[in-house]
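Working notes, structure below.
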Number of protein chains: 2
Amino acid sequence: MSRLPTIKDVAERAGCGIATVSRVLNGSGSASQSARERVLEAAEALGFEFSALGRSLQSSSTRTIGCVVPSLANPVFADAVQGAQEAALAAGYQLILACSNYDESQELHAVRTLLAKQVDALVLTVSNAASSESLDLVARRGVPCCLMFNTATGTFPSWAIDNRAAAAEVADAFAAAGHTQLGFLALQFHSSDRSRQRYEGFAQACRAQGMREPVLLEVRETEGNLVDLLGALLAEHDTLTGLFASNDYLALAAMKAARGLGRRVPEDLSIAGFDGIATGLIIEPNLATVVTDPHGMGRGAAQTVLAALAGEKPPCKPAPDLSFHFRPGGTLCPPRPDGRAGKNDDGEAATSPSSTQ
Amino acid sequence: MSRLPTIKDVAERAGCGIATVSRVLNGSGSASQSARERVLEAAEALGFEFSALGRSLQSSSTRTIGCVVPSLANPVFADAVQGAQEAALAAGYQLILACSNYDESQELHAVRTLLAKQVDALVLTVSNAASSESLDLVARRGVPCCLMFNTATGTFPSWAIDNRAAAAEVADAFAAAGHTQLGFLALQFHSSDRSRQRYEGFAQACRAQGMREPVLLEVRETEGNLVDLLGALLAEHDTLTGLFASNDYLALAAMKAARGLGRRVPEDLSIAGFDGIATGLIIEPNLATVVTDPHGMGRGAAQTVLAALAGEKPPCKPAPDLSFHFRPGGTLCPPRPDGRAGKNDDGEAATSPSSTQ
DNA sequence: TATTGTATTGGAAACGTTTCCAAAGACGGA
DNA sequence: TCCGTCTTTGGAAACGTTTCCAATACAATA
């Protein structure tokens, strides 16, 4: 087809100047009744729509928010994006999405591109908030930015929970059930500060509870079937009675892998996850996990930058003390008492001395 | 901070014209060694980055693809978006995402906004491809567009499967197991042509197999807890021996609802889903479903419009005969023979006459 | 030295808006 | 009738690029 009609075409057809067209169509400034009618008719006939491009160039505002998350495959991030999207839309902003695939260089590239596109603000989950080239770049450009899931840095606000404290609660639950030797399962340990914080909080609480140092089980690459990789890892560490996965996604995969190895959950292996995704409540038994509110985090982060753009101060505290709670589930129960030292504080669980191993 | 440096600032600092800066930084046209060095130095010192805005205005190409899906909560769409995103990124394009929340007016608004932003192309899943205001608008503007999940229209190509044929396979599986009275479960029946197509194919195959007309169970609004709504619906229809949900998401929720009612799956109620999301293989027993490739659809749709932009013809057939297959699962088994007419073809399943009802 | 050719350079137009500003027209009051 | 005021109007600048084109500089050839 021919090129799109511009304001100039409308002006020509209406027999007036482009300034008048702009005023009429935007409802700004004054115009005579006759001019108004002619412009409206012309715009209608031509199917004219303003180009956001020219507009943005002139106003230096794109009414667009950039968003970067590691991946949409994890429902936690999908939820957060959805939340951010809703908040943005409600304020008349559009969301540009990019995924970093847990890769710091892709993350940087995404941020760079979004900045070049002149997004008005950014909402990010970065690999490592404490030392991030992406965040440095954002800071240098002075674009409003709010983190999600990452704990706040000195420079940027964030919607996130206290990962260490949450992980400690998981350790406490395992301890209360009588476990003594646990494992921590991580998928992208090197590129997720959340995962590292959870491990730290978990390990510290394990020590405080008098348990042995938790074993770190790390799946490095996503190449190969995740369940198979987990199966191999679990087979290696068959003395563990409990496993804390750094997210529910991983916890569910681990459950499947364990079953594939003939180990029952939770009788042979207790499992707890992190995030509280919906699937955890669908499976039988329900997954023990830390329940968070990813949708709320996304929405909150978007509202925070939106408020900054509007010149207001953020509506809600974007502090790292966001709410979370440990949700008990059928996947975490007392370990079977067998040959190894099981210090069961509640007499009830320690009665049956039958050991199959 | 002060405003961002523009090409003009670089030119001034380098002591040359803006044309020279553009040539040097873009590697187009010629420039002397000395000019090259001064420009590079100035750009570096100022932290200059091109503005995509000015660039797009001049080139009338934003290197951006608009994407609209109903929701990110359903992993099927999250997967497709991820696939489209990857394809776009590989071609140097960015993805702008919008969600319609299964609402036709939001869908139209999203498309309108994306067109105003001058996206180079669109990748959409619409409510109703056969008659869509959104698609009419896109057609009028002449912007390259490819559908996902919706079957192709005369105007637009699409990456989708034959929903009717797929649903027929599900009906066949139920028939082979000996079911005679089935239900079809839909969440947004009025605003999903996929769901309607699946119902049509299912109903037709049921008739062809000599089964009774399937009962349509429709959940209208998303207000209230989905599982509770499903529970009420299932309680109403307690004579059904099998249920086909229009997507896995819904199938899983229905399983939970059925269990809440004390009905065992599959002993009391067989369930099959549609899509083949990962969760279906994690739960026990595995969900019987139609396996599709949402990631591939997203990627394919993006590649199709990308090819159109490059002037090439689409690389792969974006025809509606995309691959899918029915995956049997533990959630679909023969019905318990009880008082009602159960025509079990295989003698084995008809042996136990015990009926708890 | 005069002439041709080539490499380099910057001015200016164009892309589609908004908005400032000055000019022109309408209109009421004196 | 004339002047001041208010409304309506359109030209032009600005936003940040790319690119055409003419001009300049310089080297090489005749």
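No lab work stands behind these numbers, since they all come straight from the coordinates. Since we're looking at a predicted model, the values are computed, not measured. Cβ placement follows ideal geometry from the backbone for every residue including glycine, while neighbour counts extend to all protein chains displayed.
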Shape of the stretch B:175-301, Cα gyration tensor, a/c cut at 1.5 | rounded
Using just the helices of chain A, give the 222 nm mean residue ellipticity in deg cm²/dmol: DSSP H runs with n ≥ 4 each add -39,500 (n - 2.57), and the total is spread over all residues, rounded to 500.
-> -13000 deg cm²/dmol
Assuming R0 = 35 Å, can you tell me the calculated FRET efficiency for the pair residue B:239 and residue B:105, based on Cβ-Cβ distance, to the nearest 0.05?
-> 0.35
Quick one: work out Rg over Rh on the C-alpha atoms of the stretch B:1-124, Rh as Kirkwood radius.
-> 1.15
Magnitude of the Cβ-charge dipole of the stretch A:9-101, K/R +1 and D/E -1, about the Cα centre, nearest 20 debye?
-> 260 debye
Whose amide H sits under 5 Å from the amide H of residue A:185, counting only residues 5 or more places off or on another chain, with H placed in the peptide plane?
-> A:217, A:244, A:245, A:246
Compactness index (Cα Rg / 2.2 N^0.38 Å), the stretch A:111-270 | 1.21
Tilt, helix B:226-236 to longest principal axis of chain B (alpha-carbon atoms), in degrees rounded to tens, equals 20 degrees
Under the classification rounded if a/c is under 1.5, otherwise prolate if a/b is larger than b/c and oblate if not, where does the protein assembly as shown fall, given a ≥ b ≥ c as square roots of the Cα gyration tensor eigenvalues?
-> oblate
Long-range amide H contacts for residue B:160: which residues qualify at under 5 Å (H placed 1.01 Å from N, peptide plane, sequence gap of 5 or more or a different chain)?
-> B:149, B:322
Residues whose modelled amide H sits under 5 Å from the amide H of residue B:271, counting only those 5 or more places away in sequence or on another chain, are B:243, B:332, B:333
Over the stretch B:66-206, relative contact order from alpha-carbon pairs under 8 Å, at least 6 apart, % = 20 percent
What share of the DSSP beta bridges in chain B is antiparallel, in percent to the nearest 5?
-> 10 percent
List the longest stretch of chain A that has no exposed loop site; here a site is one of the GluC sites (Glu not before Pro) assigned by DSSP to anything other than H, G, I, E or B, with at most 11 other Cβ within 10 Å.
-> A:1-220
Computed over the stretch A:237-281, Kirkwood Rh from alpha-carbon pairs, angstrom | 10.5 Å
In whole Hz, with x marking every Gly and Pro, tabulate ³J(HN,Hα) for the stretch B:64-73 from phi via Karplus 6.51 cos²θ - 1.76 cosθ + 1.60, θ = phi - 60°.
-> 9, 10, x, 9, 10, 10, x, 6, 8, 5
Give the whole-number value, in cubic angstrom per residue, of the convex hull volume spanned by the C-alpha atoms of the stretch A:152-242.
-> 110 Å³
In terms of the alpha carbon gyration tensor, root eigenvalues a ≥ b ≥ c, rounded if a/c is under 1.5 and otherwise prolate when a/b exceeds b/c or oblate, the stretch B:33-76 is prolate
Two-site label geometry, residue A:207 and residue B:218: point separation in nm, points 7 Å out along Cα→Cβ | 6.2 nm
Rounding to the nearest 20 debye, state how big the charge dipole of the protein assembly as shown is about its Cα centre with +1 on each Lys and Arg Cβ and -1 on each Asp and Glu Cβ.
-> 1920 debye
Place +1 on the Cβ of every Lys and Arg and -1 on the Cβ of every Asp and Glu in the protein assembly as shown, take the dipole about the Cα centre, and give the residue among A:131, B:255, B:271 whose Cα lies farthest towards its positive end.
-> A:131
Sorted by Cβ neighbour density within 10 Å, fewest at the top, the residues B:287, A:229, B:306 | A:229, B:306, B:287
Which one of A:53, A:83, A:101 is farthest out on the positive end of the charge dipole of the stretch A:18-119, using unit charges on Cβ (Lys, Arg +1; Asp, Glu -1) and the Cα centre as origin?
-> A:53
Kindly provide the Kirkwood hydrodynamic radius of chain B in Å, to one decimal, from all pairs of distinct alpha carbon atoms.
-> 23.1 Å
Which is the longest part of chain A that has none of the trypsin sites (Lys or Arg not before Pro) sitting in a DSSP loop with at most 14 other Cβ atoms within 10 Å?
-> A:4-211
Karplus-derived 3J(HN,Hα), 6.51/-1.76/1.60, for each residue of the stretch A:135-141, Hz, glycine and proline x = 5, 4, 4, 4, 4, 4, 7
Rounded to 10°, Cα long-axis angle of helix B:193-208 versus longest principal axis of chain B | 30 degrees
Taking the Cα centre of chain B as the origin, how large is its charge dipole in debye, to the nearest 20, when only Lys and Arg (+1) and Asp and Glu (-1) carry charge on their Cβ atoms?
-> 1000 debye
Computed ³J(HN,Hα) along the stretch A:209-219: with the Karplus parameters 6.51/-1.76/1.60, θ = phi - 60°, integer Hz and x for glycine or proline, the list is 8, x, 8, 6, 4, x, 7, 8, 9, 10, 9
